[in-house]
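The values are calculated or read from the model by the stated rules, or taken from the named source; none is laboratory data. Quick caveat, the model's predicted, so the values are computed rather than measured. A quick note on method: Cβ atoms are made from the backbone with ideal geometry, for glycine too, and the neighbour counts reach across all protein chains shown.
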Amino acid sequence: MKIPFNKYESSRDAHSYVSDTLDGEDVNQVEELEREFADYVGADYVLATSHGTSALHLAMLALDLKRGDKVVCSVNAHPSVPEVVRHFDAEPVFIDIDADSYNINLDKLDVYLDENKSKKLKAVIITHLGGATVDLERVYSMAKCYSVKIVEDASDALGATYKGAKIGSTGADIVCFNFSPHLKKNICNGGMLVTNNDEIIERARLLMNHAIVRNENELDYIYDVIDIGNDYSLSPLNAAYIRAMVSDQDAVIQRQQTIATMYSNALGSINHITVPINENEENPFSLYVIKIDKNRDSFAIELKNVGIGTGLHYIPLHLLSYYKTKYSLRVNDYPVALRSYQQVLSLPIYANMSDAEVKLVIDKVKKIAKTRV
């Protein structure tokens, strides 16, 4: 039996919505998705985009990011995060991580913001790794204190909550979702920009279609361009599929939490394995990240050889050639991220994993762990 790292599941509703689109039914799938998503997360404004990276890029446009501006982010994030900053010739600033959650270390973030007060410091991007949130109340308090915008990278946090409120409704300036995130690829792409700010959504809506404006009283083919934008639009087919995906997400999270409990109960006392510290009952476990104390890569290879897929979240950004060279970064500049990178391994976790598949993963992990000395 082979168990991939991720496997998508197409529901009956997904087939139905996609069929409606293919059959030319009079349903605006993108508008329906936006309406349903706003209700789901409890946000005032949402804007569907072609991909999660598109949502992040549009967020930077909406914040009017300019050359020389600075945007702070975790050094343990997907390359799309600093990438969208560099597209504006702005500067990403990396902060080391918390050793247990692998999210940005808020103490170090606070110190950096305090020591680097500047008009050029534009925003902080908070990545919710695996959907596990940081102390967002503290983050929002910092934002007010240091006059920076907060953008949340919620690629793994669809349906996740913080103190009972859905991510997307907790107080960030912008939240960006990705319906096909790194190594958890879906059969469709799509993203969502979420905000409660009137000015941000007005600018985002303008720029998402080349900053084209039309006069309602003129012919449809008459238009003007009043700024520099791009095309971030989501296709109706993708929107149709994602509508069903969103409606199923709470059940998906429930199943992921059950699987995570099975993993933790079975692997918590195994030598050479460290399971996640689950102090947060709201963790949706979009990822299940363990630590291997010796030879992580050989452990992953052995799992691959017996048909078990694994993931890595992430290679720290300061180890990647572009950022290492561009900013003269040293390997030991971010010691916690470096140490975690050498040990972390993400196990398969998705809603349509059967108990038998979960137990097989557990058995294989235990068997390999016994060979470590």
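Within segment 202-214, does at least one residue satisfy the condition of being surrounded by fewer than 12 Cβ atoms within 10 Å (Cβ to Cβ), of a type in the set (S, T, N, Q) and over 24 Å from LEU347 (Cα atoms)?
Checked against the condition, which is being surrounded by fewer than 12 Cβ atoms within 10 Å (Cβ to Cβ), of a type in the set (S, T, N, Q) and over 24 Å from LEU347 (Cα atoms), segment 202-214 yields no hits at all.
Would you point out which residue out of ILE308, ILE301 is loosely packed, with under 15 Cβ neighbours inside 10 Å, aliphatic (A, V, I, L, M) and more than 24 Å from ASP107 (Cα to Cα)?
Numbers: ILE308 fails: loosely packed, with under 15 Cβ neighbours inside 10 Å.
Exactly one of ILE308, ILE301 is loosely packed, with under 15 Cβ neighbours inside 10 Å, aliphatic (A, V, I, L, M) and more than 24 Å from ASP107 (Cα to Cα), namely ILE301.
Return yes when TYR263 is aromatic (Phe, Trp, Tyr), at pLDDT 95 or above and outside the structural domain of THR161 (by TED's automatic domain parsing) and no when it is not.
Values: aromatic (Phe, Trp, Tyr): yes; at pLDDT 95 or above: yes; outside the structural domain of THR161 (by TED's automatic domain parsing): yes.
Answer is yes for this residue.
(1) on the phi > 0 side of the Ramachandran plot; (2) of a type outside the set (Ser, Thr, Tyr); (3) without any contact (Cβ under 8 Å) to a residue 12 or more places away in the chain: which one isn't true of ASN295, the others all being true?
(3)
Output the residues belonging to segment 326-357 that are aliphatic (A, V, I, L, M), more than 18 Å from LYS304 (Cβ to Cβ) and in contact with a helix residue (DSSP H, G or I) (Cβ under 7 Å, 6 or more places away or on another chain).
Taking segment 326-357 first, the residues aliphatic (A, V, I, L, M) are 329, 331, 336-338, 344-345, 347, 349, 351, 353, 356.
Subset that is more than 18 Å from LYS304 (Cβ to Cβ): 329, 331, 336-338, 351, 356.
Result: LEU329, VAL331, LEU338, ALA351.
Could you identify the single residue in LEU47, LEU22, LEU61, LEU56 that is touching a strand residue (DSSP E or B) at 6+ places or on another chain (Cβ under 9 Å) and either acidic (Asp, Glu) or more than 17 Å from ALA157 (Cβ to Cβ) (or both)?
LEU47
Between a residue in segment 32-51 that is assigned by TED's automatic domain parsing to the domain that holds GLY191 and any residue that is at pLDDT below 95, which pairs come within a Cβ distance under 9 Å, given they are 6 or more apart or on different chains?
As it stands, the answer is GLU32/TYR17, since those pairs meet every condition given.
Based on this model, can you work out whether ALA99 counts as under 23 Å from LEU287 (Cβ atoms) and either modelled with pLDDT under 95 or assigned to a loop (DSSP other than H, G, I, E, B) (or both)?
Judged against the criteria, ALA99 is a match.
Show the residue pairs meeting these rules: Cβ distance below 9 Å; 6+ apart or different chains; first residue within segment 211-229 and touching a residue at least 60 places away in the same chain (Cβ under 8 Å) and closer than 21 Å to ILE201 by Cβ; second residue polar (S, T, N, Q) and surrounded by 10 or more Cβ atoms within 10 Å (Cβ to Cβ).
Listed pairs, sorted by first residue: GLY229/ASN209.
Mind counting the residues in segment 267-282 that are assigned to a helix (DSSP H, G or I) and surrounded by fewer than 18 Cβ atoms within 10 Å (Cβ to Cβ)?
The number of residues fulfilling the criteria is 0.
For residues in segment 1-49 being of a type in the set (S, T, N, Q), part of a helix (DSSP H, G or I) and surrounded by 16 or more Cβ atoms within 10 Å (Cβ to Cβ), which is modelled with the lowest pLDDT?
THR21
Please verify whether segment 149-172 includes one or more residues that are under 23 Å from ASN352 (Cβ atoms) and loosely packed, with under 15 Cβ neighbours inside 10 Å.
no
Could you look through segment 123-148, keep only residues that are hydroxyl-bearing (Ser, Thr, Tyr) and either assigned by TED's automatic domain parsing to the domain that holds ASN280 or surrounded by 23 or more Cβ atoms within 10 Å (Cβ to Cβ) (or both), and pick out the one that is farthest from HIS182 (Cα to Cα)?
Among them, the one singled out is THR133.
Name the residue that is surrounded by the most Cβ atoms within 10 Å (Cβ to Cβ), counting only residues in segment 65-120 that are of a type in the set (S, T, N, Q) and under 26 Å from ILE277 (Cβ atoms).
Only one residue tops the list, namely ASN76.
Pick from LEU207, LEU234: which is in contact with a strand residue (DSSP E or B) (Cβ under 7 Å, 6 or more places away or on another chain), assigned by TED's automatic domain parsing to the domain that holds ALA55 and in contact (Cβ under 8 Å) with a residue 24 or more places away in the chain? First the steps, then the outcome.
Details: LEU207 fails: in contact with a strand residue (DSSP E or B) (Cβ under 7 Å, 6 or more places away or on another chain).
None of the others qualify; the one that does is LEU234.
Looking at segment 183-201 only, could you name the residues that are of a type in the set (Lys, Arg) and surrounded by fewer than 20 Cβ atoms within 10 Å (Cβ to Cβ)?
Passing the criteria: only LYS185.
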